[in-house]
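J.: Dropping a structure here in structure tokens format, bear with me for questions.
The values are calculated or read from the model by the stated rules, or taken from the named source; none is laboratory data. A quick note: this is a predicted structure, and the numbers were derived from the prediction, not measured. Heads up: the accessible areas ignore ligands, DNA and RNA and are worked out on the full protein's heavy atoms, side chains in. Shrake-Rupley method; radii C 1.70, N 1.55, O 1.52, S 1.80 Å.
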Amino acid sequence: MSLQNKVNEDIKAAMLAKEAVKLSTLRILKNAIGFTAVQNGSSDKTLPDSDVMVIIRKQISMRQDAVNQFTIGNRLDLDEIAVLKTYLPPEMELSELESIVDGAILELGATSKKEMGNVMKKVLALVNGRADNKTVSNTISQKLS
């Protein structure tokens, strides 16, 4: 089952179980997926799982930024982050990411931060959503300094 279909099924289940936080989070996610599908010109409004994972990571990032900005008050962003993370593959260990970065740098012959974009593109294709872009970027930056 695709991630997009799983989100739709989980919306129905959250409605039946009366899980308000999960339901509102998944509705926002569904809208973001639909918006991206329309922007990409998808005629049947479906996206591949890799695109859906990118959207989920963006939604998590938005909520983490909100948590950082609004630490006062009774916010549900932490619960929303937990809901969204259930749709992502498990996070890659830092040591595994570092070995992938080292391999990409060696393969591309990168020696300076000017080549960071090419290394980033290669590494992101290899990690396949198991590490967030910020962690990948920081790891590459440390290796190329």
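J.: Would you calculate a helix-derived [θ] at 222 nm for the chain, using -39,500 (n - 2.57) for each DSSP H run of n ≥ 4 and dividing by the full residue count, to the nearest 500?
T.: Counting only the DSSP helices, I get -23000 deg cm²/dmol.
J.: For the range 115-137 and the range 1-62, what is the centre-to-centre distance using only Cα atoms, to the nearest Å?
T.: 23
J.: Could I ask something else about it? Rg to Rh for the range 97-145: what is it, with Cα atoms only and Rh by Kirkwood?
T.: In the range 97-145, Rg relative to Rh is 0.90.
J.: Excluding ligands, DNA and RNA, what is the solvent-accessible area per residue of the range 21-145 at a probe of 1.4 Å, expressed in Å²?
T.: Result: 62 Å² of accessible area for each residue.
J.: Right, next: Which whole-Hz couplings ³J(HN,Hα) result when phi for each residue of the range 49-56 is put into the Karplus expression 6.51 cos²θ - 1.76 cosθ + 1.60, θ = phi - 60°, listed in order with x for Gly and Pro?
T.: Once rounded to whole Hz, the list reads 4, 4, 5, 5, 5, 5, 5, 4.
J.: Could you give each residue of the range 128-143 its phi-based ³J(HN,Hα) in whole Hz, using Karplus coefficients 6.51, -1.76, 1.60 with θ = phi - 60°, and x for Gly or Pro?
T.: Those phi angles translate into 6, x, 8, 8, 7, 4, 5, 5, 4, 4, 4, 5, 5, 4, 5, 6 Hz.
J.: Shifting gears a bit: Report ³J(HN,Hα) in whole Hz for each residue of the range 88-104, in order, from the Karplus equation J = 6.51 cos²θ - 1.76 cosθ + 1.60 where θ = phi - 60°; Gly and Pro get x.
T.: 9, x, x, 5, 6, 5, 4, 5, 5, 4, 4, 5, 5, 4, 4, x, 5
J.: How many percent of the accessible area of the chain is carbon or sulfur, using a 1.4 Å probe?
T.: 53
J.: Ratio of alpha-carbon Rg to the 2.2 N^0.38 Å globular estimate for the chain, to two decimals, please.
T.: For the chain, the normalised Cα radius of gyration comes out at 1.21.
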